[in-house]
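Each remark here refers to the structure printed beneath this line.
The values are calculated or read from the model by the stated rules, or taken from the named source; none is laboratory data. Computed from a predicted model, the values in this text were never measured in an experiment. Ideal geometry is used to build each Cβ from the backbone, glycine not excepted, and the neighbour counts take in all protein chains shown.
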């Protein structure tokens, strides 16, 4: 539930409200609405009587949250969450660019890519160390030797780095070297892993499952938030449909719905959404125009030599063209983002 606080509330009354909630097993989340100060409450309804809370001095009204995703709801947290990763702000006005190989293959390869991304002013380097693959006979990732290659190349070029965590034991292995933990589509409902990540202080990039509904997607984010980690970044990477001419179907619909329903940032992954390097650029631009907070694409100096997903990787020339096309639309998209943010916030408490 959400408690809307009166403008002229006394400090002792405000503290009494928080104490009342805590004594009954509720969790208090304080935030500022657009016009009102609010307290978000998570707890069992049988212990937290709405009518009793509404009668407390300083309470203007109590609003129930009907969505199952309480902490992710924009009603609970009206303002956008901005995840700051070494100065890169995900969820702000400027969309971020995340790029890198599907898999770290060699020290030379990742340093070559990191240098190119730095020249092109990309914001974050991505690279897979441990790779979940559909076939047991395909490349499963370079493993632990790639961790230092990825981390050292990123550090040299002052790029934050994101890499996938496949199981709980990976958290400790990667913790000191990775800035953002990625949860892949196959692990979106690995609730033990989500809970473990929720206990860390690292940002979590949560990919949507291949057949996950909107509510299932946000409920997975809720598992992380419920453990105390508020730095969750959603990622739309395409869903499985009857379409056979692309790897997946890019669900552009979910982007504005996420922006209206939740305060969490959302980025797009057009590489996995399409599986085709020739249509990554238009899909990326469509997602950004729809309101995405950034994009993540696979980039490889020689995609035809890639150990995995070469068909959906951009070479350096294609990546440059994508950035050039994005720059043509960037000012208009940012203007639209400012307008949309104002409209969404005005609709909140």
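Worth pointing out:
- Listed here are the helices (runs of 4 or more DSSP H) enclosed by region 180-270 that have at least 2 residues being in contact (Cβ under 8 Å) with a residue 40 or more places away in the chain: 214-226, 254-261.
- The set of residues from region 271-291 being under 20 Å from residue 240 (Cα atoms) and assigned to a loop (DSSP other than H, G, I, E, B) comprises 275, 276.
- Output for region 28-54, where each listed residue is more than 30 Å from residue 342 (Cβ to Cβ) and within 30 Å of the chain's Cα centre (by Cα): 43, 44, 45
- Qualifying residue in region 78-98 (condition: without any contact (Cβ under 8 Å) to a residue 40 or more places away in the chain and in a helix (DSSP H, G or I)): no
- Sole residue being in contact with a strand residue (DSSP E or B) (Cβ under 7 Å, 6 or more places away or on another chain), within 30 Å of residue 142 (Cβ to Cβ) and in the same structural domain as residue 104 (by TED's automatic domain parsing), chosen from 311, 315, 248: 248
- Index of the failed condition, residue 19 passing every other in (1) touching a helix residue (DSSP H, G or I) at 6+ places or on another chain (Cβ under 6 Å); (2) more than 30 Å from residue 310 (Cβ to Cβ): (1)
- Index of the failed condition, residue 319 passing every other in (1) crowded, with 24+ Cβ neighbours inside 10 Å; (2) modelled with pLDDT under 95: (2)
- Flag for residue 287 being touching a helix residue (DSSP H, G or I) at 6+ places or on another chain (Cβ under 9 Å), surrounded by 19 or more Cβ atoms within 10 Å (Cβ to Cβ) and either under 26 Å from residue 103 (Cβ atoms) or not assigned by TED's automatic domain parsing to the domain that holds residue 194 (or both): yes
- Among the residues here, residue 193 does not qualify as more than 30 Å from residue 158 (Cβ to Cβ), at pLDDT 95 or above, in contact with a helix residue (DSSP H, G or I) (Cβ under 8 Å, 6 or more places away or on another chain) and buried (at least 20 other Cβ atoms within 10 Å of the Cβ).
- Any hit, region 147-162, residues being more than 21 Å from the chain's Cα centre (by Cα), in the same structural domain as residue 221 (by TED's automatic domain parsing), free of Cβ contacts under 8 Å to residues at least 12 places away in the same chain and assigned to a loop (DSSP other than H, G, I, E, B): no
- Exactly one residue out of 129, 178 is within 20 Å of residue 307 (Cα to Cα) and assigned by TED's automatic domain parsing to the domain that holds residue 319: that is 129.
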